[in-house]
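> Pasting a structure here, questions to come.
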Amino acid sequence: MPIKFPFTKSKKQTLNRTLGLDYDHIPKHVAIIMDGNGRWAKNKGMPRIAGHKEGMSVVKRIVRHASDLGLHVLTLYAFSTENWKRPKNEVDFLMKLPVDFLGTYLPELIERNVQVQTIGDVSLLPPHTRKAINEAIEKTSKNNGLILNFALNYGSRFEMVHAVKEIAEKVEKGDISSDEVNEDLFSSHLYTSDLLEPDLLIRTSGEQRLSNFLLWQLAYSEFWFTEVFWPDFDESHFEKALCDYQNRKRRYGGI
Ligand code: FPP
């Protein structure tokens, strides 16, 4: 049966009426640090990778919901530049997740008009991971619905140093003068150059830090934390975060 999207207004209103989510003012860009997979698994006496597997199912549900709600961009921190330090079996498993995810879910993403993108240095991912991702990027490149943006081998400090190097080279070559270096130019050298900055950052599992994620881009974003481990995160938690966001006053340094 074909999937209908986005939900009609009446369907949306039945999703979480009690929270009072305003479906006409959904944040455009939400970024998520999906944390707590390992602890979720440990609490259940299972290996850490079982938590990542369950976490992948949650990714599917939240992507569906984000696309139904009409978000423009959902950025998910799937693998950081620091995650290579984990045991080999865990890294190998994490590198297989995009293959499994896209192997089963790509047709639905296409049907939902989702466009897959990545940020991070994907050139260092294993060939099978890169192949799955490149195929998804290619097959969804014409879609203009939700942008599903995976941060893979992503580190914000690396991203910024890389941007500085590129700009320094342009100055050295005389392509631009140092007077032309400003915030907009710097932003245009980041992986996120074509994206709006996140309105909202969600981090699960009770940790309250950025862990080298979008340090520049989150300068004016609202933060929302929950004790819930990522594998237990669901649509109602997501809507609660959006609802709380809608009740915040963003002042961008003004009054
Ligand atoms: C952090 O939890 C989570 C990760 C490093 C990996 C997140 C990946 C997924 C949720 C699946 C991604 C799916 C796709 C399709 C790419 P942790 O392992 O640090 O948990 P812990 O803090 O409890 O140990």
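The values are calculated or read from the model by the stated rules, or taken from the named source; none is laboratory data. Worth saying up front: this structure is predicted, and the values here are computed from it rather than measured. Virtual Cβ from ideal backbone geometry, glycine too; neighbours counted across all protein chains shown.
> Just to be sure I understand, how many residues within the stretch 216-250 are within 16 Å of the ligand (Cβ to nearest atom) and of a type in the set (A, V, I, L, M)?
Of the residues in the stretch 216-250, 1 are within 16 Å of the ligand (Cβ to nearest atom) and of a type in the set (A, V, I, L, M).
> Tell me which residues, restricted to the stretch 37-63, are in contact with an Asp or Glu (Cβ under 8 Å, 6 or more places away or on another chain) and crowded, with 16+ Cβ neighbours inside 10 Å.
Asn37, Trp40, Ala41, Arg48, Ile49, His52, Met56, Val58, Ile62
> Still on this structure: Please determine, by comparing only the residues of the stretch 66-89 that are polar (S, T, N, Q) and within 11 Å of the ligand (Cβ to nearest atom), which one is farthest from the chain's Cα centre (by Cα).
Across the stretch 66-89, the extreme among qualifying residues is Asn83.
> Look through the stretch 8-36, keep the residues that are modelled with pLDDT of 95 or more and more than 14 Å from the ligand (Cβ to nearest atom), and return whichever of them is surrounded by the most Cβ atoms within 10 Å (Cβ to Cβ).
Pass one, the stretch 8-36, residues modelled with pLDDT of 95 or more: 26-36.
This time we only want the ones that are more than 14 Å from the ligand (Cβ to nearest atom), so: 26-30.
Values: Ile26: 19, Pro27: 19, Lys28: 16, His29: 21, Val30: 27.
Per the stated criteria, the residue is Val30.
> Here is a further query. What tally of residues in the stretch 90-128 results from selecting those that are assigned to a helix (DSSP H, G or I), among the polar types (S, T, N, Q), out of contact with any strand residue (DSSP E or B) (no Cβ under 9 Å at 6 or more places or on another chain) and more than 13 Å from the ligand (Cβ to nearest atom)?
Going residue by residue through the stretch 90-128, those that are assigned to a helix (DSSP H, G or I) are 90-111, 122-124, 127-128.
From the residues that got through so far, the ones that are among the polar types (S, T, N, Q) too are 104, 123.
Remaining after also requiring out of contact with any strand residue (DSSP E or B) (no Cβ under 9 Å at 6 or more places or on another chain): 104.
Right, trim to more than 13 Å from the ligand (Cβ to nearest atom) and you get none.
Number of matching residues: 0.
> Further question: Considering only the stretch 65-79, state which residues are within 18 Å of Ser205 (Cβ to Cβ) and out of contact with any helix residue (DSSP H, G or I) (no Cβ under 7 Å at 6 or more places or on another chain). Lay out the reasoning, then the answer.
Taking the stretch 65-79 and keeping what is within 18 Å of Ser205 (Cβ to Cβ), we get 75-79.
Listed by number, the residues that qualify are Thr75, Tyr77, Ala78.
> For the subset of the stretch 179-217 comprising residues that are of a type in the set (Asp, Glu) and free of Cβ contacts under 8 Å to residues at least 40 places away in the same chain, which member is surrounded by the fewest Cβ atoms within 10 Å (Cβ to Cβ)?
Taking the stretch 179-217 and keeping what is of a type in the set (Asp, Glu), we get 179-180, 183-184, 194, 197, 199, 207.
Next cut, free of Cβ contacts under 8 Å to residues at least 40 places away in the same chain only: 179-180, 183-184, 194.
Working: Asp179: 7, Glu180: 12, Glu183: 9, Asp184: 9, Asp194: 10.
Filtering first and then ranking leaves Asp179.
> Suppose the filter is more than 13 Å from the chain's Cα centre (by Cα), under 25 Å from Pro198 (Cβ atoms) and more than 14 Å from the ligand (Cβ to nearest atom); does Gly55 pass it? Steps first, please.
Values: more than 13 Å from the chain's Cα centre (by Cα): yes; under 25 Å from Pro198 (Cβ atoms): yes; more than 14 Å from the ligand (Cβ to nearest atom): no.
Criteria not met by Gly55.
> Next up: Quick one: Gly145 ticks every box in (1) more than 15 Å from the ligand (Cβ to nearest atom); (2) surrounded by fewer than 17 Cβ atoms within 10 Å (Cβ to Cβ) except a single one, so which number is it?
The one condition Gly145 does not meet is (2).
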